[in-house]
Amino acid sequence: MIAVPSHSPKLTPTEYFAWEEQQLCRHEYINGEVFAMSGGTQNHSRIALKVAAFLDNHLSNGSCRVFNSDCRVNLAGTNDYTYPDASVSCDPRDKTTTQYITYPCLIAEVLSESTEAYDRGNKFFRYRQNPQLQDYVLVSSQEIAIDLYRKGNDGRWEIINYRAGDIVEWQSVNLSFPIEQVYRGIDFSEVTL
């Protein structure tokens with residue numbers, strides 16, 4: 001997804017929630033401004049769906065809940081809201097809100113050329129302010145590649161680059177799998193228009 005500024009006046013969070021219910025597309029909310037989320041490619045959509053379904057199948061019998069890109073994440077300590085491609089919350093406090101979660105342990109974003117710099121930079125900076133977040137997953141839509149930012153016990157973030165043939169490990173949800181499972185049926189030779 002690509003965030004496009006909507007050039008509207010600044011809104012309060014309450015105004016944002018009421019306003020967005022009337023819109024045809026989703027909007028992220030950062031510092032009182034709304035940003036329209038434009039559509040992505042077929043590969044982006046299919047990979048995001050696979051990641052969310054993969055997580056949901058793994059966690060379906062536990063207390064953790066998996067969300068797709070329709071669920072907002074409140075950026076901890078702010079009144080800002082984003083729409084990651086997938087997120088997981090195991091925190092009971094997130095069962096008390098209906099329009100968003102605040103305490104994800106895992107957030108996944110599927111990368112596109114237009115959003116990669118933002119997803120790796122400012123967006124990750126905002127996400128990692130959340131003390132509950134343990135795994136920030138960046139999934140390529142251009143090649144078989146997953147970059148995992150994992151928070152260590154000392155609070156520092158390390159990056160692990162997974163490529164074809166690797167076994168991916170998401171410790172926050174106790175999940176290991178061959179990377180090819182996420183990319184099964186994805187055609188990287190498709191032309192984008």
Practice task
Would you check if Trp170 is at pLDDT 95 or above, of a type in the set (Phe, Trp, Tyr) and either touching a Cys at 6+ places or on another chain (Cβ under 7 Å) or open to solvent by 50 Å² or more (accessible area, probe 1.4 Å) (or both)?
Solution key: no
Completion exercise
The number of residues in segment 38-82 that are closer than 28 Å to Leu24 by Cβ, free of Cβ contacts under 8 Å to residues at least 24 places away in the same chain and part of a helix (DSSP H, G or I) is 4
Practice task
Answer yes if at least one residue in segment 4-27 is part of a strand (DSSP E or B), over 12 Å from the mean Cα position of the chain (by Cα) and surrounded by fewer than 22 Cβ atoms within 10 Å (Cβ to Cβ), and no otherwise.
Solution key: yes
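Within segment 117-150, track down each residue that is more than 20 Å from Trp170 (Cβ to Cβ) and without any contact (Cβ under 8 Å) to a residue 24 or more places away in the chain.
Going through segment 117-150, the residues more than 20 Å from Trp170 (Cβ to Cβ) turn out to be 117-118, 121-122, 125-126, 129, 142.
If the condition is that a residue be more than 20 Å from Trp170 (Cβ to Cβ) and without any contact (Cβ under 8 Å) to a residue 24 or more places away in the chain, then Ala117, Gly121, Asn122, Phe125 are the ones that fit.
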Completion exercise
Considering residues that are touching a helix residue (DSSP H, G or I) at 6+ places or on another chain (Cβ under 8 Å) and open to solvent by 50 Å² or more (accessible area, probe 1.4 Å), the number found within segment 41-50 is 1
Practice task
Could you grab me the full set of residues in segment 33-53 that are modelled with pLDDT under 85 and out of contact with any Phe, Trp or Tyr (no Cβ under 8 Å at 6 or more places or on another chain)?
Solution key: Ala36, Ser38, Gly39, Gly40
Practice task
Could you please tell me which pairs satisfy a Cβ distance under 9 Å, a separation of 6+ or placement on different chains, a first residue in segment 12-33 that is farther than 22 Å from Asn122 by Cα and in contact (Cβ under 8 Å) with a residue 40 or more places away in the chain, and a second residue that is of a type in the set (S, T, N, Q) and open to solvent by less than 10 Å² (accessible area, probe 1.4 Å)?
Solution key: none
Problem - Restricting segment 51-71 to residues that are of a type outside the set (Gly, Ala, Ser) and within 14 Å of Glu109 (Cβ to Cβ), the residue that is most open to solvent (accessible area, probe 1.4 Å) - result: Asn68
Practice task
Inspect segment 140-149 for any residue being among the aromatic types (Phe, Trp, Tyr), part of a strand (DSSP E or B), open to solvent by 30 Å² or more (accessible area, probe 1.4 Å) and under 23 Å from Gln42 (Cβ atoms) and give the result as yes or no.
Solution key: no
Problem - Subset of segment 109-130 that is touching a strand residue (DSSP E or B) at 6+ places or on another chain (Cβ under 9 Å) and assigned to a loop (DSSP other than H, G, I, E, B) - its residue that is surrounded by the most Cβ atoms within 10 Å (Cβ to Cβ) - result: Asn130
Completion exercise
The condition from (1) under 18 Å from His44 (Cα atoms); (2) at pLDDT 95 or above; (3) of a type in the set (Val, Ile, Thr) that Ile159 misses is numbered (1)
Exercise for the section: Please indicate, with yes or no, whether at least one residue in segment 158-167 is out of contact with any strand residue (DSSP E or B) (no Cβ under 6 Å at 6 or more places or on another chain) and open to solvent by 80 Å² or more (accessible area, probe 1.4 Å). Expected result: no
Practice task
Output the residues belonging to segment 99-108 that are open to solvent by 60 Å² or more (accessible area, probe 1.4 Å) and either assigned to a helix (DSSP H, G or I) or in contact (Cβ under 8 Å) with a residue 60 or more places away in the chain (or both).
Solution key: Gln99
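The values are calculated or read from the model by the stated rules, or taken from the named source; none is laboratory data. Note that the structure is predicted; figures quoted are calculated from it, not measured. Glycine also receives a Cβ, built like all others from the backbone with ideal geometry; neighbour counts cover every protein chain displayed. Surface areas here come from the heavy atoms of the whole protein model, side chains and all, with no ligands, DNA or RNA. Shrake-Rupley method; radii C 1.70, N 1.55, O 1.52, S 1.80 Å.
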